[in-house]
Structures are given as structure tokens and as C-alpha cells.
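What follows draws every value from the coordinates through simple rules; no lab data is involved. No experiment lies behind these values; they were computed from the predicted model shown. Cβ coordinates were reconstructed from backbone atoms using ideal geometry, including for glycine residues, and neighbour counts include every protein chain displayed.
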Ligand code: ADP
Ligand code: MG
């Protein structure tokens, strides 16, 4: 019975996804059609219409790219590697975006934490979480990425100083296509959840009472002697 339950749950996720995709792509398509009608009617303001049309096409492109990522079977290109190095790489990638908003990305990580991970997938996780944190913060401040060893696991926390997630939305934010952003796809946290599961880890949102949001990841960590030679 348990197996059937799990399977039907998976089906509903697929169904949910399909419905979401249709919605996300149909809306911009409808709007594109409308603008083509207007252009055919020979009205002016062409410039303005073209700009909106490009925005709509961008939206379709963005959703398609993320969906492609989800629909691909997750690979298992796992290697033993330094966690600190990987997070540092992501910080370099996102730093310009942070600096623009006067946000400081701070990493507090022991040097000797080794994880067994698919590099591009795990980087995607940190990109998703740090990007969300940057987007959530309107004013200057700090985003702290903190890593602590806890026995066989390491606890990675991404802590921002944004407005936080309302308690009643905590369960919704991980659902596909849930977004509160104009330019959002609502797929980032869903992809993150899937990747962490593919790494035998745990991913959760820590409800904060006061300001800010904390995302927590628990991953097994290993003896540096296992480090994959490159
Ligand atoms: P997207 O970023 O495209 O909206 P995500 O799946 O990454 O999709 O996030 C879903 C929603 O969760 C966001 O639209 C936002 O409402 C909320 N959220 C995610 N991260 C944070 C954060 N650090 N602070 C506040 N809200 C957040
Ligand atoms: Mg996001």
C-alpha cells in the first residue's frame, strides 16, 4: 500500500507540473497573439509592442529551459570534493549581483569538509538559494553561508536578512510554479529539493520568527582521504 501511495504522489507531481507548464506558456502565447493582431491592424506604437513581445518570449524561454532541466533524469556524476571550494566558486559567480545591491556574501566554512556530489547539480543548489536571498533583500545587508560539522553530516545554512517567508507559505514555496516575483518561474526550490534528495541529503526551510529566512541543507561528509584525484 505504501508503494502505491508513493507512486500516486509522484503522478500528481507530474500532473501538477504539466498543468503548470501549460499555464506558464499559454499566457505569454495568448498575449503574443494579441499583439500580432494589433500589429496587423496597423496601429502605431510598434516599438512598445515589440518590447512586450520580446519579454513574453523571454518568459517562455526561461520556463522551457528550467523544465528541460527538471525533465532530464538526474545524472550521478558524483565525486568527492571540497565543499568550501564549491561554495566559493558560486560566490564568485553571484558577487557582482550582490555588490550591485550592496549585499555582502559571507562564507563561514571549515576547510576540511568533503562531500560526495555532482558538481554542477550542487552548484545549482547554491546558485538557487543565494540568488533567492539576494532577490529577497531590498536593502544592503549580509547573506551568511554557514557550514558546521554534525557527526557524519554537515549542516549548511543560507541565512539572509530579507523579509522572511510567511509561516502560511512555508509549504507552498517548494511547489512548482509558486512565485511571488514578476520575473520568477517558481521552479528554483523544487529543483533544489530534487537535487538534495539525489544526494541523500535533507533540505528544509527554518521558520524564523523575526526577520530573514534560513534554508538548511544536511549532507553526509567524508574523510578527506577519499578526495577524488583530478
Ligand atoms: P522564484 O525565485 O522563481 O520565484 P523559487 O522556487 O526559487 O522561485 O522560490 C519560490 C518563492 O519562494 C519565491 O517567489 C519567494 O516568494 C519565496 N522565497 C524563496 N526564497 C526566499 C527568501 N530567501 N526570502 C523570502 N522569500 C523567498
Ligand atoms: Mg528562485
Worksheet item: Quick check: anything in the stretch 151-159 away from ligand 1 (no atom under 12 Å from the Cβ) and without any contact (Cβ under 8 Å) to a residue 12 or more places away in the chain?
Response: yes
Worksheet entry | Tally, over the stretch 110-141, of residues that are surrounded by 14 or more Cβ atoms within 10 Å (Cβ to Cβ), without any contact (Cβ under 8 Å) to a residue 40 or more places away in the chain, closer than 23 Å to residue 203 by Cβ and over 19 Å from the mean Cα position of the chain (by Cα) | 0
Practice prompt. Please find, within the stretch 60-89, the residue that is surrounded by the most Cβ atoms within 10 Å (Cβ to Cβ) out of those that are closer than 30 Å to residue 28 by Cα and touching a residue at least 60 places away in the same chain (Cβ under 8 Å).
Written response: 63
Worksheet item: Restricting the stretch 163-201 to residues that are over 18 Å from residue 25 (Cβ atoms), part of a loop (DSSP other than H, G, I, E, B) and in contact with a helix residue (DSSP H, G or I) (Cβ under 6 Å, 6 or more places away or on another chain), which is farthest from ligand 2 (Cβ to nearest atom)?
Response: 174
